[in-house]
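Some notes on the structure that comes next.
The values are calculated or read from the model by the stated rules, or taken from the named source; none is laboratory data. Model, not experiment: these values are computed from the prediction. Backbone-built Cβ (ideal geometry, glycine too); neighbour counts: all protein chains shown. Heavy atoms of the whole protein, side chains included, go into the accessibility calculation; ligands, DNA and RNA do not. Shrake-Rupley method; radii C 1.70, N 1.55, O 1.52, S 1.80 Å.
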Amino acid sequence: MKSTKKRFKLRLAEVERAAAILALLSADVLIFEAVWVVADDVLRACETLKQRVGQLHKTEFAEQIIDEQALYELDKIVDGDAISEVEQRLSAAWPDADNHPVGELLRQMLAKLEKHYASMSQSIQQLAALLSQ
């Protein structure tokens, strides 16, 4: 069986991958800014955790990584709801979007954001659960 440290690194890579996709999809699109901010925060937390993982020995890994501030930051992100904020911004910016083809495009983009946001959140929860085993 893989050590907790190795499993943590694999889960962390999943979180980072999902956040990178979110960042790519939402970058430079003002209406999606809330999602981009979350993705950027997650990527920075992942970078911090990757550096810390490299410093810790696998025998004491779980006991030492559990107190990292970056883990608390990831946990807070899971509790947030940037997708709802984007939905509200879309509705406020274009209340009649349902009647336009561009509105369909925006709904499809929002669905993609929502899918990857859910994937990232699930990976963060699995990362936390790994340490509580």
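The residue list 66, 10, 21 was ranked by how far each Cα lies along the charge dipole of segment 1-94 toward its positive end, using unit charges on Cβ atoms, and 10 comes out on top. On a per residue basis, segment 1-116 carries 62 Å² of accessible surface, using protein heavy atoms and a 1.4 Å probe.
The HN-Hα couplings worked out from phi for segment 113-125 by the Karplus form 6.51 cos²θ - 1.76 cosθ + 1.60 (θ = phi - 60°) are 4, 4, 4, 6, 5, 5, 4, 5, 4, 5, 5, 5, 5 Hz, whole numbers, x standing for Gly and Pro. Taking other residues whose beta carbon is less than 14 angstrom from the beta carbon of residue 94, and scoring Lys, Arg as +1 and Asp, Glu as -1, yields -2. The C-alpha atoms of the chain define a longest principal axis, and helix 69-79 lies at about 40 degrees to it.
With only the Cα atoms considered, segment 4-62 has a convex hull volume of 61 Å³ per residue. Count Lys and Arg as plus one, Asp and Glu as minus one, and take only other residues whose Cβ is under 15 Å from that of residue 119; the net charge is then +1.
In order along segment 8-22, phi translates into HN-Hα couplings of 4, 4, 5, 5, 4, 5, 5, 4, 4, 5, 5, 5, 5, 5, 4 Hz, rounded to whole numbers, per the Karplus curve 6.51 cos²θ - 1.76 cosθ + 1.60 with θ = phi - 60° and x for Gly and Pro.
For segment 2-133, a simple Cβ point-charge model (Lys and Arg +1, Asp and Glu -1, everything else neutral) yields a dipole of about 900 debye relative to the Cα centre. The tail of the calculated P(r) for segment 48-133, taken as Cα-Cα distances beyond 23 Å, holds 43 percent of the pairs.
Computed in the context of the full set of protein chains, the accessible area of the chain at 1.4 Å probe radius has 52% of its extent on carbon or sulfur. Count Lys and Arg as plus one, Asp and Glu as minus one, and take only other residues whose Cβ is under 13 Å from that of residue 33; the net charge is then -3.
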